[in-house]
1. Restricting the search to region A:371-380, which residues are surrounded by fewer than 24 Cβ atoms within 10 Å (Cβ to Cβ) and either in contact (Cβ under 8 Å) with a residue 40 or more places away in the chain or not in a helix (DSSP H, G or I) (or both)?
2. Tell me which residues, restricted to region A:94-115, are part of a helix (DSSP H, G or I) and either β-branched (Val, Ile, Thr) or surrounded by fewer than 18 Cβ atoms within 10 Å (Cβ to Cβ) (or both).
3. Could you run through region B:105-151 and say how many residues are assigned to a loop (DSSP other than H, G, I, E, B) and away from chain A (no Cβ under 11 Å)?
4. A:Cys389 - would you say it is farther than 21 Å from A:Ala36 by Cβ, at pLDDT 95 or above and within 12 Å of the chain's Cα centre (by Cα)?
5. Answer yes if at least one residue in region A:139-149 is touching a helix residue (DSSP H, G or I) at 6+ places or on another chain (Cβ under 7 Å) and at the interface with another protein chain (Cβ under 8 Å from one of its Cβ atoms), and no otherwise.
6. Against the conditions (1) under 24 Å from A:His304 (Cβ atoms); (2) surrounded by 17 or more Cβ atoms within 10 Å (Cβ to Cβ), where does B:Asp124 fall short? Just the number, please.
7. Does A:Thr176 satisfy being of a type in the set (Ser, Thr, Tyr), within 20 Å of the chain's Cα centre (by Cα) and either in a helix (DSSP H, G or I) or under 24 Å from A:Arg247 (Cα atoms) (or both)?
8. Pull up region A:202-221, narrow it to residues that are surrounded by fewer than 21 Cβ atoms within 10 Å (Cβ to Cβ) and facing chain B (nearest Cβ under 7 Å), then point me to the one that is farthest from A:Ser251 (Cα to Cα).
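The values are calculated or read from the model by the stated rules, or taken from the named source; none is laboratory data. All figures in this text were calculated on a predicted structure; none of them were measured in a lab. We place every Cβ from the backbone using ideal geometry, glycine too, and count neighbours over all the protein chains shown.
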Amino acid sequence: MTPSPTPLTPPPAAPVHEHPLNVPLPYDLKPRAAKAIGDIRLQQFVGSATKAKDHGRRDGFRDVFGDRYDSLRTLAGDIKQHTLDHLDWYLERFIDNAARAGVQIHYAIDANEANAITLEIARRNQCRLCVKSKSMVTEETGLVPALEAIGVETVETDLGEFILQLDHDAPSHIVTPMIHKDRTAVGRAFTRELGVPYTDDPATLAAIARAHLREKYRHADLGISGANFLIAQTGSIVLCTNEGNGRFCTSAPRIHIAIAGIEKLIPATEHLAVMLKMLARSSTAQPITCYTHMITGPRREDEHDGPDQVHLILLDNGRTEILRKETRELLRCIRCGACLNACPVYRRIGGHSYGAVYSGPIGAAITPLLKGLHNFPDLPHATSLCGACFEACPVKIDLPKQFIMLRKKMVEQGITDLRTRAVYRLWGLMLRWGWTYRASSWVQRRVLRLLARRGDSRRVMPPTAGLAPPAKVRADPFEDNAWLSHAPGPLGEWTKERDFPTPTARSFRDWWKDRGGEQAEVRGGQREGNGDTR
Amino acid sequence: MNVNAPFPGTSRGAFVARVSAALERKAPITPADAAPPPPATVNESVVRVVGAGEDLPDVFAKRAAAAGMMVHKTTGAALTDDLVALVDSLAAGRVAIQDRDSLAGVLSALRHRGRKADLGGTVDFAALYDVDAGITDVQAAIAETGSLVCSSGSGRGRGLSLVPPLHIAVVWCSQIVPDLVDYWASHAGSLPQTLPSSIVLITGPSKTADIEGVLITGVHGPREVHVMLVLDA
């Protein structure tokens, strides 16, 4: 690795912007998505990072499991689904066992309760300094500002989260939270907030963070973590991390508070083995994370370090709503981020465009359920329904099916706007009878080709980007490779970001008829040519 | 402040009842309710990566090296000398050693050579920030992933394998299990009361790729992990 040359002065500082997740509701995705698509640097970071992880995931599974990958996904999905189907039973069992291990357990219906419990633990123990490891659930509850408000200094210790905290920014990816930032942004934040000389060498920056945070671990009296898994059999909390900050946060301070959604449960340790084989490979293409930490209660009498108190806050916060039958599978999610990395939409619009803590396909599916469909009406549409997320998911959550269900709910609840309803009603009519279909496609063909004929709207695309255009460019709009660049009315939304191909001069039906296709059909469904008759 | 006052939040009963309701149970679950049918069987032919028949020390050494750990092979007889030589080569001034009979010789040998060496049990967590190397044993090692299993139980603790910038772990070949499945199956009978408070699978030095995906080792935990693999045990 060659460190990039260090400039003498840092590049101009980006203005400290408003927190990206404080969004007005109902949330309008389009302005942010448009901004992200126009941001070439963001396109580069997010595009290359997600592609690398997506390929790494596929290679990792193929090399180790080969043809067994699909059965492995089925097994992992079945284990989670089984636990969810009997979640009350496993919760009872987990609570009993965690209590036997000495864990103090608390129950929070919503974010406010979770924060109130945490603050009360901090107050009773006169905590002053809190070190926190990465946890999406605490992002969900807004815990850090709540702790700071009562005077408990709270430091994010995951390197990415630490940098985001210095920059008053929010994570944009479940696993790699600062995927939207580059090294110069980190250098600037360190210079501004920590008073160190500017550098943008990642190794030096990490060393600065290491030294700074070790001082924090040394003096912290409260450690906060999330949980990757909760094991009903042993009452254990399992944390999967790479940097080691999670181990510090749960071991150095005298009090450890873990906050976990109820969907983290698995029945027994044997199931942990399956989940561990899935999680890191799906997430970062590692066989396993550097540290897989199983915590079972506070320090024992014969152990010479570890916290005196371990608290676990079990959080609902809308999860029992998702637990209903038709959406239950969404709670199988192990937050690996594979669907984000695989998603062609996430890759283009980035995490902040989703306007909520959970981004990407899984975020687009659960945010409307957690925070109200009427508040996030764009999210069920922030997908191409291509199914890449489903294919990448290690627990086989059928996300496309969930999106379609959410869209159906939007119609049922009257959230879908009038214009959209009118357009779909019209489309439905067009497809209803043969003659309406033929008539409407005749009109569409004529209108679109006429529009394409207007000088400013028409251009001819080279057949393959990057190659020289063919010698004879056919510029006649009545030939078959013209494109609409500026369509009128609602179609204009579509052509803002891409061109619309004009329909061909002749319809497929006409072409088929000319070939005698219909007669061939009448002859008894026999196919022409070398007859693949499966 | 009344420390006996209940914490804020919801009661256990009300909390679990909401879950039962979402599962469409007629009444909240009670201890009298029957256990659910068993979960899906963890099918060996689907999940197993490394079998018992393979050369486990060899697989373990390869996977551990792939994870970024430095593996040194030794024998029971040469262990103490090799550990001392390793500490010398790493120029670790201050060393803390886990209180195990098997490592007792190392403490005196290091002291004999003028190193500042202490037993882990005498160095508390806060003092570990000034220690250069921690030497530990392991509870098990996993060939599939090259992982070390470090337990806080039986007078050990959590800090030795975490706080010093160098972690040296001694693995006896007989401790290596083939697969993650084997290790976690060994906990099938584990009870909450008898488990140590901390079991950590360590697979490589501490690392991050948060800044532009550039891989950096030694971000919070140890910068280097050395494995002394005792082949004849």
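1. The answer is A:Lys371, A:Gly372, A:Leu373, A:His374, A:Asn375, A:Pro377, A:Asp378.
2. A:Ile95, A:Asp96, A:Ala99, A:Arg100, A:Asn112 - these are the residues of region A:94-115 that are part of a helix (DSSP H, G or I) and either β-branched (Val, Ile, Thr) or surrounded by fewer than 18 Cβ atoms within 10 Å (Cβ to Cβ) (or both).
3. So the answer is 8.
4. no
5. no
6. (2)
7. yes
8. A:Ala203
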